[in-house]
Amino acid sequence: MPPNSKLSDAFDARAYLDFTAPLAGLEINQDSHPEVVKLLNTTYAMAKMVYSVPLDENTIELAAVFTPCAKP
Amino acid sequence: MSETPPSFRSAHQIASDIRRQEYTATDVIEYFIARIAEINPAINAYTEITAQRAREKAQQIDQCIARGEDPGPLAGVPFAVKNLFDIESVVTLAGSKINADNAPANKDAVLIQRMENAGAILLGGLNMGEYAYDFTGENVHHGNCLNPWDLSRMSGGSSSGSGSATAAGIAPISLGSDTNGSIRVPASLCGIFGLKPTYGRLPRSGSYPFCDSLDHLGPLARNTTDLALSFDAMQGHDADDHACADKPRLNTYAELSKGIDGLRIARAGGYFATSDFPQAEAAVDQVCAILGVDRVLDIPGAAEGRAAAFLITNMESSALHLSRLQTRAQDYDPDTRDRFLAGALLPAAWYIRAQQVRHWYQQQVLALFDQVDVLIAPATPCSAPRTGEKILHIAGQPQPLRPNLGYFTQPISAIGLPVCVVPTQDNSTGMPVGVQIIAAPWREDICLRVAAHLEKLGLQAAIPTGIGGNTAR
């Protein structure tokens with residue numbers, strides 16, 4: 001069994017934003033820049049939480065449509 | 001007429017009176033059109049009033065009754081919809097400035113069609129948070145929607161107009177959408193009942209999307225009978241929504257009076273503990289006391305499930321908006337835009353992991369329903385904050401208010417469970433605070449039974465105090 005995926009502890013939201021925004025065709029103006037950096041840090045914290053869940057790293061089953069329950 | 005002011009008469013009473021010809025549907029519609037003109041300027045709940053259409057539909061209902069035909073269980077009942085529902089010949093704003101440039105819808109959303117097939121009459125479109133990415137009811141394009149209990153406070157969102165209009169007695173039933181709590185938060189802050197059905201129960205066809213994996217539609221009302229009647233009228237498969245399940249229809253109205261005998265009910269603990277939130281704690285205490293519930297059940301994985309919903313929402317909605325972010329970023333509300341901008345840049349692996357964790361969390365919670373039928377949890381951490389407030393304290397730490405008004409709702413919709421919000425009143429402020437009644441998938445009937453039992457024992461939608469003498473109309 002492979003080890004659980006992890007996120008790096010080093011996330012530089014400002015550098016990440018400045019690198020990825022042009023790739024996505026997005027202009028980030030001066031008003032938005034600090035807010036988007038803050039939001040990227042929040043989403044990173046959420047991603048860390050998601051990656052803390054131990055999953056079977058040998059499967060990837062994504063239903064085309066989420067179904068709330070297998071039971072009737 | 002009963003002693004209740006006419007605006008606050010229940011939808012089912014209005015339908016019954018119209019069927020008995022105590023008054024006509026036309027009388028009712030003229031009454032509500034006049035009341036909207038009087039009340040709406042204070043709360044800004046409606047963005048579109050479809051008066052001519054409503055008058056024509058009312059005439060049809062009256063003619064139907066005159067012929068001795070039954071116009072349906074919601075005969076002549078006025079209702080309104082969040083402005084992300086398509087209304088024929090009206091532009092579907094979805095709370096935005098950008099969508100105002102779109103062509104008008106060429107037909108009604110499926111749920112509007114189904115409400116009208118049951119005899120209800122559409123009064124118009126309702127204010128909402130921009131593109132549904134909001135829990136506050138604040139909107140820079142169309143004006144803030146205010147809380148009829150206190151006009152200095154938020155209505156909650158993103159179905160802000162739905163919560164505010166139904167609480168203020170200018171829409172006996174309203175329809176909203178709920179991706180992470182957008183029916184339940186305004187229901188809680190405005191002191192009414194709201195039903196977020198199971199994911200996939202009601203078709204979303206003809207509504208503007210926010211996050212396909214998590215979007216739900218549902219009704220808000222002033223009592224459980226009206227919720228049940230409208231929910232029953234709207235059920236049924238629709239092939240135009242790929243997430244809509246082909247399930248047998250429930251008759252929740254027939255189940256309402258069954259009470260809670262035989263139901264195993266527990267208070268949600270762990271993530272849902274309320275010690276940091278005195279108003280939420282008092283609300284849940286009150287509901288549990290009425291129900292005689294002292295069992296507490298931890299909800300494993302709720303924090304991780306919420307984190308998954310947060311990422312899924314952020315990334316799917318940003319993908320939907322990418323072209324507009326590239327060309328018209330300045331036309332968004334800055335608060336919404338910046339969230340979309342961040343979401344547009346996140347790695348795909350995070351999204352896939354979030355979907356996997358959602359599934360993992362679902363398995364944890366479904367196992368709980370072997371032990372319990374109903375879970376009780378707060379709907380919001382507090383009663384309605386003042387408009388413009390930005391901070392909510394969680395565990396003593398300041399956190400942004402906007403996303404965290406959905407702190408307790410987001411982990412529930414993350415896995416599509418049905419929830420009914422019931423209103424309580426906070427003794428310290430007099431403001432309403434809601435409580436979530438949560439059941440296993442496809443058991444809206446159980447949520448509504450428990451809510452009806454609580455209503456019978458005193459938890460009712462009170463008449464709001466913030467619109468003053470206008471309530472006597």
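The values are calculated or read from the model by the stated rules, or taken from the named source; none is laboratory data. Everything numeric here is computed off the predicted structure, so don't read it as measured data. Virtual Cβ from ideal backbone geometry, glycine too; neighbours counted across all protein chains shown. Accessible surface is based on the protein model in full, side chains and every heavy atom, while ligands, DNA and RNA are left aside. Shrake-Rupley method; radii C 1.70, N 1.55, O 1.52, S 1.80 Å.
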Within the range B:316-330, take every residue that is within 27 Å of the chain's Cα centre (by Cα) and open to solvent by less than 20 Å² (accessible area, probe 1.4 Å) and give me the one that is farthest from A:Tyr44 (Cα to Cα).
B:His321
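Using the structure shown, decide if B:Arg306 is farther than 16 Å from B:Phe210 by Cα, in a helix (DSSP H, G or I) and among the basic types (Lys, Arg). Give the derivation first.
Numbers: farther than 16 Å from B:Phe210 by Cα: yes; in a helix (DSSP H, G or I): yes; among the basic types (Lys, Arg): yes.
Yes: the conditions hold for B:Arg306.
This table checks each residue for (1) within 9 Å of chain B (Cβ to nearest Cβ); (2) open to solvent by 70 Å² or more (accessible area, probe 1.4 Å).
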residue: A:Ser5; (1), (2): yes, no
residue: A:Ala10; (1), (2): no, yes
residue: A:Arg14; (1), (2): no, yes
residue: A:Thr20; (1), (2): yes, no
residue: A:Asp31; (1), (2): yes, yes
residue: A:Met46; (1), (2): yes, no
Tally time: how many residues in the range B:268-287 are farther than 13 Å from B:Ala379 by Cα and not in a helix (DSSP H, G or I)?
3
Taking the range B:383-429 on its own, how many of its residues are touching a residue at least 40 places away in the same chain (Cβ under 8 Å), surrounded by fewer than 24 Cβ atoms within 10 Å (Cβ to Cβ) and hydrophobic (A, V, I, L, M, F, W, C)?
3
What do you reckon, is B:Tyr253 more than 9 Å from chain A (Cβ to nearest Cβ), within 22 Å of the chain's Cα centre (by Cα), aromatic (Phe, Trp, Tyr) and open to solvent by 30 Å² or more (accessible area, probe 1.4 Å)?
yes
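Applying the selection to the range B:359-382, what residues are more than 7 Å from every other protein chain (Cβ to nearest Cβ), free of Cβ contacts under 8 Å to residues at least 60 places away in the same chain and either part of a helix (DSSP H, G or I) or crowded, with 18+ Cβ neighbours inside 10 Å (or both)?
Here is the first cut: in the range B:359-382, the residues more than 7 Å from every other protein chain (Cβ to nearest Cβ) are B:359, B:361-365, B:367-382.
Right, trim to free of Cβ contacts under 8 Å to residues at least 60 places away in the same chain and you get B:359, B:362-363, B:367, B:370.
Those that are more than 7 Å from every other protein chain (Cβ to nearest Cβ), free of Cβ contacts under 8 Å to residues at least 60 places away in the same chain and either part of a helix (DSSP H, G or I) or crowded, with 18+ Cβ neighbours inside 10 Å (or both): B:His359, B:Gln362, B:Gln363, B:Ala367.
Only one of B:Ala348, B:Ala344 is at the interface with chain A (Cβ under 10 Å from one of its Cβ atoms), small (Gly, Ala, Ser), surrounded by fewer than 24 Cβ atoms within 10 Å (Cβ to Cβ) and more than 17 Å from B:Pro403 (Cβ to Cβ); which?
On the way: B:Ala348 fails: at the interface with chain A (Cβ under 10 Å from one of its Cβ atoms).
The unique qualifying residue is B:Ala344.
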Is the range B:60-79 home to any residue that is assigned to a helix (DSSP H, G or I), surrounded by 20 or more Cβ atoms within 10 Å (Cβ to Cβ) and of a type in the set (Phe, Trp, Tyr)?
no
Taking only the range B:267-295 into account, find how many residues are buried (at least 21 other Cβ atoms within 10 Å of the Cβ) and small (Gly, Ala, Ser).
3
